[in-house]
Amino acid sequence: MRKLISVTMMGVVAMGLCIGFSGCSEETSTTKKEEIKTPTGTTTVTDKSSTETTGKNPPPAPAKP
């Protein structure tokens, strides 16, 4: 019975960690990869932009009516 409880609790902890790590990211990033064909060959251009979401950039204060 103890083994069943410990295995169940380990599963619950593992699920909690997976959900926590995948959903609580402090940085959001997007990557755009573009291939350009030129007469001398193919060129690959990669553009990566990221946004930090830690609260350092709060929304502006509301305007007073």
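Observations, loosely collected:
- Within segment 2-40, considering residues that are part of a strand (DSSP E or B) and acidic (Asp, Glu), the one modelled with the lowest pLDDT: Glu27
- Residue identified as assigned to a loop (DSSP other than H, G, I, E, B) and modelled with pLDDT under 75 among Pro62, Pro58: Pro58
The values are calculated or read from the model by the stated rules, or taken from the named source; none is laboratory data. None of the values given here were measured: they were computed from a predicted structure.
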